[in-house]
Amino acid sequence: MQKDVLEGRKLVVDRDVSKLNDTDLAEMITKLQGQMTNLEAAQAAFSKISQQSLFDYLR
């Protein structure tokens, strides 16, 4: 049973490695940069919102 589990995991890992080898590096960098920009914007928005008091929010 353990052998079957290990073989299944090996197939999954091999498939994932194959996908990574086939990816376009420039496209992946562009997607990562976009995600990082979105994260920074969300963090900045949260920071501004968390600094406001209830009275500022009600105005």
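Listed by position, the helices (runs of 4 or more DSSP H) contained in the chain that have at least 2 residues being among the polar types (S, T, N, Q) are 2-22, 25-51.
Which of the residues spanning segment 29-59 are of a type in the set (A, V, I, L, M, F, W, C) and surrounded by 10 or more Cβ atoms within 10 Å (Cβ to Cβ)?
Here is the first cut: in segment 29-59, the residues of a type in the set (A, V, I, L, M, F, W, C) are 29, 32, 36, 39, 41-42, 44-46, 49, 54-55, 58.
Those that are of a type in the set (A, V, I, L, M, F, W, C) and surrounded by 10 or more Cβ atoms within 10 Å (Cβ to Cβ): Ile29, Leu32, Met36, Leu39, Ala41, Ala42, Ala44, Ala45, Phe46, Ile49.
Please verify whether segment 15-28 includes one or more residues that are surrounded by 10 or more Cβ atoms within 10 Å (Cβ to Cβ) and among the acidic types (Asp, Glu). Yes, the conditions are met somewhere in segment 15-28.
Of all positions in segment 36-58, at least one carries a residue that is at pLDDT 95 or above and of a type in the set (Gly, Ala, Ser).
The values are calculated or read from the model by the stated rules, or taken from the named source; none is laboratory data. The model shown is predicted, which means the values in this text are computed figures rather than measured ones. Ideal geometry is used to build each Cβ from the backbone, glycine not excepted, and the neighbour counts take in all protein chains shown.
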